[in-house]
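Trainee: Handing you this structure, nothing more for now.
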Amino acid sequence: MASLSVKLPKPFADISRAALMYPHPTYISPLKNITKHLTAQAEKNADVKIPQVWIKHEDTNSALAYGGNKVRKLEYVIADAIEKKATHLVTVGGVQSNSQRQVAAAGNRYGMKTILTPNPDIGNPPASDKSAYDTAGNVQINSVLGAEWKLSTSEDSETAHATGGLAYEIAASREMKRIKAEGGTPYFIPSGASLHPLGGLGFARLAFELVKQEEELGVQFDAIVVACASGSTLGGMAAGFKLIEKTGNSRSTLTKRRLIGIQATSCDLSETSRVVLQSGKNTTKLIGLEEGDISEENYELVGDFNGGSYGCLNEETKTAIKLLATTEGILTDPVYTGKAFAGLIGLARTGNFNDAENVLFIHTGGTPALAAYPSMR
C-alpha cells in the first residue's frame with residue numbers, strides 16, 4: 001500500500017501542494033473486534049444487519065504534532081502561503097483547537113511564525129476539567145511549538161455581537177494589522193481551514209486516494225462516516241467523489257456511496273450543511289467541476305450525537321471512546337472523533353447500515369485533547 005500513488009486529473013493535478021503528510025496513503029484496516037461486538041449485540045434483532053466496519057487513519061497521517069485531518073487540508077493552504085511569501089500564519093478557533101496546533105506545526109516546518117487568537121468561551125468541558133482544558137492538551141502543545149497566544153477579548157465579543165462577526169476573527173484582524181505595521185506578511189487561515197478557498201482540496205484528493213485503496217483491498221465502502229464541524233472534510237470529499245463520478249475512472253462510480261457527517265457542534269444542522277456545501281462548491285470550481293455539480297444530495301448530516309454543545313463530554317461519547325479503546329486499542333477524542341464514532345455505532349445499532357457490506361470510519365485525529373478531559377477514564 002505504501003507504493004500506491006494518487007493520479008489526479010487536470011486542473012486538479014496542477015494545484016500546488018506543500019508536503020506535510022507522509023508520502024503514502026493513510027492506512028485502512030478492518031475493525032474486526034468492533035464488528036464482532038456490534039454483531040453480537042444485534043443477534044436478537046432480526047431487523048438489524050451489521051456491516052464490516054473499517055477505519056482510515058488520518059490521525060497518523062504526519063509526523064507534525066500528532067497529525068490529523070487539518071494537516072491534509074493545510075498542504076494546499078500552506079503552499080499558497082509560501083507562494084505569497086507569508087512570514088506569519090494567523091489562525092483562530094477555541095483554546096483546544098486541533099486546527100491551531102496543526103497550523104503551528106506546519107508553520108514551523110516552513111519557517112513561518114504562528115499567531116493564535118482563540119476565543120476562550122468556545123468549548124464546554126465538565127467543570128472538573130476546566131483547569132486542564134485551559135492548560136493541557138492542545139494548549140500545552142501549542143506552547144511547546146512556540147505559537148504566540150493572543151486570546152480574543154470581551155471587547156472583541158461585544159464588537160462581534162454588534163456587527164454580526166466573530167470575536168476570534170476580530171482579534172485576528174488586529175494581529176494582522178500589527179504584523180503588517182512591523183513589516184511582516186501575515187496570512188489568515190480560518191477555523192479548520194474550512195472556508196479558506198483551498199480548504200476542501202485535501203479531502204477531494206483523499207477521495208482519489210480512497211478509491212485506489214478500495215481497488216487494492218478488493219472492497220467497496222458503501223458508507224463513509226466522519227466528524228463534521230467547520231465543513232471542509234465532508235465538503236471536500238463530496239467534491240472529490242463527484243469529480244471521480246464525472247470522469248468515470250473508478251468502479252466505485254457504479255455504486256452510490258453514502259458520505260455521512262456526524263455533527264460535532266450544536267448549531268442548527270442547516271448551518272452546518274451551509275458550510276459543508278460552501279466548502280464543496282469552493283472546491284468544485286478549482287478541480288474542473290461547476291458549482292452546480294454538488295448539492296446537499298451528495299452528503300448526509302446527522303445531528304443526534306453532538307452531546308448538546310461543542311466540546312461536551314456526554315455519556316454517549318464516553319461510552320463510544322471506551323468501546324473503541326477497549327476492543328481495538330484505538331483512541332478517539334471527546335470533541336470530534338469520539339462523537340463521530342458514537343454516531344457510527346448508533347446508526348449501526350438502529351439498522352441504518354442494513355444495506356451496507358462495508359462502512360468506513362475516517363479517524364480525523366484530535367486525541368491530544370484527551371489530556372484536557374481528565375475525567376475521561
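Trainee: Near the amide H of residue 314, under 5 Å away, which other amide H atoms are found, from residues 5 or more places off or on another chain, if H is placed in the peptide plane?
Mentor: Counting only residues 5 or more places away or on other chains, the set is empty.
Trainee: What is the calculated FRET efficiency for residue 83 to residue 173, with r their C-beta to C-beta distance and R₀ = 22 Å, to the nearest 0.05?
Mentor: After rounding to 0.05, the efficiency reads 0.50.
Trainee: Would you grab the residues whose amide H sits under 5 Å from the one on residue 223? Only those 5+ places off in sequence or on another chain, please, with H modelled 1.01 Å from N.
Mentor: Distant-sequence amide H within range of residue 223: 258, 358, 360.
Trainee: Charges only on Cβ, +1 for Lys and Arg, -1 for Asp and Glu: so what's the dipole of the chain about the Cα centre, in debye to the nearest 20?
Mentor: For this selection, approximately 820 debye.
Trainee: Sticking with this structure for a sec: What list of ³J(HN,Hα) values in whole Hz, one per residue of region 232-239 in order, does the Karplus curve 6.51 cos²θ - 1.76 cosθ + 1.60 (θ = phi - 60°) give from phi, with Gly and Pro shown as x?
Mentor: With coefficients 6.51, -1.76 and 1.60, one gets 7, 5, 5, x, x, 4, 4, 5 Hz.
Trainee: If R₀ is 25 angstrom, what is the calculated FRET efficiency for the pair residue 45 and residue 375, using the beta carbon separation as r and rounding to 0.05?
Mentor: Calculated value: 0.15.
Trainee: Okay, next question. How high is the relative contact order of region 243-377? Use alpha-carbon pairs under 8 Å, at least six apart in sequence, and give a whole percent.
Mentor: 22
Trainee: With the Cα gyration tensor of region 83-193 giving a ≥ b ≥ c as the square roots of its eigenvalues, does the rule (a/c under 1.5 for rounded; else a/b larger than b/c for prolate; else oblate) give rounded, prolate or oblate?
Mentor: oblate
Trainee: So what's the angle, to the nearest 10 degrees on a 0 to 90 scale, between helix 32-42 and the longest Cα principal axis of the chain?
Mentor: 60
Trainee: Among the GluC sites (Glu not before Pro) in region 5-78, which ones are in a DSSP loop with at most 14 other Cβ atoms within 10 Å of the Cβ? Mind listing them?
Mentor: The qualifying sites are 43.
Trainee: How big is the gap, in Å, between the Cα center of region 135-156 and the Cα center of region 35-50?
Mentor: 45
Trainee: Would you indicate which of (1) 22.6; (2) 20.9; (3) 24.3 is the value of Kirkwood radius over Cα pairs in Å derived from the coordinates of this structure?
Mentor: (2)
Trainee: Do you know the relative contact order of region 83-193, to the nearest whole percent, from alpha carbon pairs under 8 angstrom that are 6+ apart?
Mentor: 38 percent.
Trainee: Let me ask something else. Would you mind calculating the relative contact order of the chain from Cα pairs under 8 angstrom and at least 6 residues apart, reporting the percent as a whole number?
Mentor: 22
Trainee: May I ask for the Kirkwood hydrodynamic radius of region 261-377, worked out over all distinct Cα pairs and given in angstroms to one decimal?
Mentor: Averaging 1/r across every pair of different Cα atoms and inverting gives 15.6 Å.
Trainee: Still on this model: Once the Cα atoms of helix 98-109 and of the chain are each reduced to a long axis, what angle between those two axes, in degrees from 0 to 90 to the nearest 10, is obtained?
Mentor: 70
Trainee: Now a separate question. Given Cβ point charges of +1 (Lys, Arg) and -1 (Asp, Glu) and nothing else, what value in debye, to the nearest 20, does the dipole of region 200-294 about its Cα centre take?
Mentor: 100
Trainee: If you don't mind, there's one more thing I want to ask. So, in Å, what gap is there between the alpha-carbon centers of region 307-358 and region 189-266?
Mentor: That distance is 20 Å.
Trainee: For the chain, what is the calculated [θ] at 222 nm in deg cm²/dmol (nearest 500), taking -39500 (n - 2.57) for each run of four or more DSSP H residues and dividing by its residue count?
Mentor: For the chain, the value works out to -13000 deg cm²/dmol.
Trainee: As I understand it, the value is the acute angle between the Cα axis of helix 167-181 and the longest principal axis of the Cα atoms of the chain; what does it come to in degrees, rounded to 10?
Mentor: 50
Laboratory data are not the source of any read-out in this text; all were calculated from the coordinates shown. Note that the structure is a prediction, hence the values are computed from the model and not measured. Counting neighbours? That spans all protein chains shown, and the Cβs are built from the backbone with ideal geometry, glycine included.
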